[in-house]
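The values are calculated or read from the model by the stated rules, or taken from the named source; none is laboratory data. Quantities reported herein were computed from a predicted structural model and do not represent experimental measurements. With ideal geometry, Cβ positions are generated from the backbone for all residues, glycine too; neighbour counts draw on all protein chains shown. Heavy atoms of the whole protein, side chains included, go into the accessibility calculation; ligands, DNA and RNA do not. Shrake-Rupley method; radii C 1.70, N 1.55, O 1.52, S 1.80 Å.
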Amino acid sequence: MERRLKIGIDVGGTFTHAVAVDVDAMELVGKAVVPTTHHADEGVARGVVQSMEKLLEQARISPEEVVLIAHSTTQATNALLEGDVAKVGVLALGTGAQGLRARQEANVGVLDLGGGARLFTAFRFLDTAGGLDEARVRALLEELRGEGCEALVAAEPFSVDDPRREERVCQLAREFGLPATPTSALSQLYGLRMRTLTAVVNASMLPKMVETAERTAQAVAQSGIRAPLMVMRSDGGIMDLAAMRERPILTMLSGPAAGVAAALMYERITNGVFVEVGGTSSDICLIKNGRPQVQHAQIGGRRLFLRTLDVRTVGVAGGSLPRGRTKLADVGPRSAHIAGLKYETFEQGSPEFTLAHVQPKKGDPDDYIALATGGKATHALTPTGAANLLGLAQGYSRGNSASVQRAFECVARALSTDAKALATRVLELAAKRVAPVVKALLVENKAKPAEFVMVGGGGGAEAIVPFTARGLGMEHRIARHAEVISAIGVALGILQDTVERTLLSPSESDLVALRKEAFERVLRMGADAALIEVHVEVDRKDKRVRATARGTPQMRSRELGGALPSDAELAALAAKTLGVAASTLQTLPTGGWLRAYTAEKRVPALLGLLKLVRTPVCALDAEGIVRFATDDAHCVAVPPGEVESTLSALLERFSSWGDGGVVLPEVQLVKPTQIADLSGLAEAQQLVALARAESAALGADERVVLVVRRRD
């Protein structure tokens, strides 16, 4: 039987990794790596193609076996960091009071991108009192092009309600050879200034990003692969090239997002902290109930209408340099790569080292520890080496034990300690940089460390994750194929899109319509309709409503059957998750591949003087993956026709009162193939309306498990 393979390519700062994943077996069948081609004429696109070609050859993959190819990209992020962006013309539209507002809010001037980089704009205004004067539009476009603008943004107040004039201006701009972005294409939120800022950043990337996309697509086609070509988004989803050509801004931070996608799709984390450890820095993201946390992106301190994963970067990793002269003071943020030093871990042979100190960059402290050979600093003392010395490195980061031993003994003598104590201290100091960030994420999301697992990815995971998890009292594990976890995440990327609108008082029909729009966007991308989940949130403070749909491609959905866990094995997994005996479990089947489990659990309180009764709940799929878990909730399985009445009664029972009025409980609907999280809604009527919509298409013989948890 011919394999069905997905190829994922992760473009990193130093290397570009490519992997092939068997769709049906969910197994890695090949991997390849090439240096990232930042300075090639084709840019990083050359490395994408080179890594793909190397992978096809090494893993003996025929083009016919490839059903999808996807890649992350650093191009958008690098363009902003380096100021390698096009000058953008902004053409504002309006009349009367709205025209005055457009003149003020759409004229964004020069944008500070940070680090000295800038994005330049030129501004024109067109009064639309007599309608859209296309001859005048063409004249203004000619002026903007004459000022050096290579892309255009059309901006009009309230265009989210009627985008036709913005879209027509952009159509005319494209006829002039100017790539163009209407502000309404990137966000459906009111707020012309932020919408214009977002559109300007997007438009500034269009010329180069579109060129790179075309070159990549041509090279992939020439290889004989006819499968769809997708690009990683900053929210952990993937999109096709047509969408990327219009909205390249969505690829910002797609590198860290790729690792999180792997944590969800490959490691199948439900409640955990994913730490991806490179050579210089570590990216940290919290996943709760199978969803990563998100935030609005910022450029130069200005918020954009762009949702990105809440990934926090810490300047410590597998190649970080320790500091100190008489004792260790810190580890990082400078690394072996930045200092131009080789890892002691991967040195072949057993060289004679002497202690040295270096200043990696001008203005840095001059007490970074290095190892010298022949009187010159050549190697680094690293957390990766420390993990090797202490026996923690069993995978990708395992190196030459003789070289590591000599390196740590050399430095230990100078610091009046022994090699193992030195290695332990290096890892303790590295963990001290990561732990506060993990703690902050847990606190912000009201998560208990004991209920979350820390999962390490990246080549340096073994150097950072074990000590950090131990200090926080968390379980931990290293991801499979950790060194290429981001490339795997690209291959298994989630199809995802978000619809966000400003609604002062959203009605039931508004919420249902928004849910439907998000669902259909992901369906058009090729997701399996039966597996699309939509999360709707109402932000009463900012008057926004957001619907995020997530799905997996039809080619990834697996039929029940084959080598799946038995009922007894699933029950054992559920019992372990809930911390109870399997014999005490109550199983609530849905009639599909999801089922829920609950049990009574006695928990000590008041120093053990009391025993409180808790009813933890979890949901597993037929593959044995925990899709949802909570430590105390009420759950009941009902036919679809009884969802509305049962939920109404439960809302009345489990709602509480706070300073702002009624506080609704958290609600999840476990359906046969999906879990609908309704906890982001603000009113009982909204919650019931969406529950009705979620269960409308289910059959009478199917069941919906209502999980209701009173908020703290």
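Quick notes on this one:
- For L113, distant residues with modelled amide H under 5 Å away: R118, L119
- Taking a straight line from the alpha carbon of K543, these aspartates and glutamates sit under 12 Å away, with near neighbours fewer than eight places off in the same chain left out: E500.
- Links that overshoot a 31 Å alpha carbon limit, given the list K6/K87; K208/K288; K31/K342: K6/K87; K208/K288
- Sum of side-chain charges, N400 neighbourhood, beta-carbon under 11 Å (Lys, Arg +1; Asp, Glu -1): 0
- Counted over all Cα-Cα pairs of region 1-159, pairs farther apart than 23 Å make up 58 percent.
- Across region 444-452, computed HN-Hα scalar couplings (Karplus, 6.51 cos²θ - 1.76 cosθ + 1.60, θ = phi - 60°) run 4, 9, 6, 10, 9, x, 5, 9, 10 Hz from first to last residue, x flagging Gly and Pro.
- Fraction of accessible area attributable to carbon and sulfur, the chain (%, probe 1.4 Å): 49 percent
- In sequence order, region 116-123 has phi-based couplings of x, 7, 9, 10, 9, 10, 10, 10 Hz under the Karplus curve 6.51 cos²θ - 1.76 cosθ + 1.60, θ = phi - 60°, and Gly or Pro positions carry x.
- Along each principal axis, taking the top coordinate minus the bottom one, the Cα set of region 132-243 gives 47, 31, 21 Å in descending order.
- Cα-based shape type of region 16-57, given that a ≥ b ≥ c are square roots of the gyration tensor eigenvalues and the cut on a/c is 1.5: prolate
- Take region 561-647 with all the other protein chains still there, run a 1.4 Å probe, and you get 50 Å² of accessible area per residue.
- Bins of 10 Å from zero: percent of alpha-carbon pairs in region 196-324: 12, 34, 32, 20, 2, 0
- Estimated distance in nm for a label pair at E27 and E211, the labels positioned 7 Å out from Cα along Cα-to-Cβ: 4.4 nm
- Considering all C-alpha pairs of region 355-476, those separated by over 23 Å amount to 39%.
- Relative to the 2.2 N^0.38 Å rule of thumb, region 66-198 has a C-alpha radius of gyration ratio of 1.11.
- For K671, the aspartates and glutamates whose Cα comes closer than 13 Å to its Cα, not counting residues fewer than 8 places off in the same chain, are E533, D621, E694, D701, E702.
- Both the radius of gyration and Dmax for region 483-603 are 19.0, 50 Å, in that order, over alpha-carbon atoms.
- Using θ = phi - 60° and Karplus 6.51 cos²θ - 1.76 cosθ + 1.60, couplings along region 61-69 (whole Hz; Gly, Pro as x): 9, 8, x, 5, 7, 7, 9, 6, 10
- Mean separation of Cα contacts under 8 Å (6+ apart) over length of the chain, as relative contact order %: 10 percent
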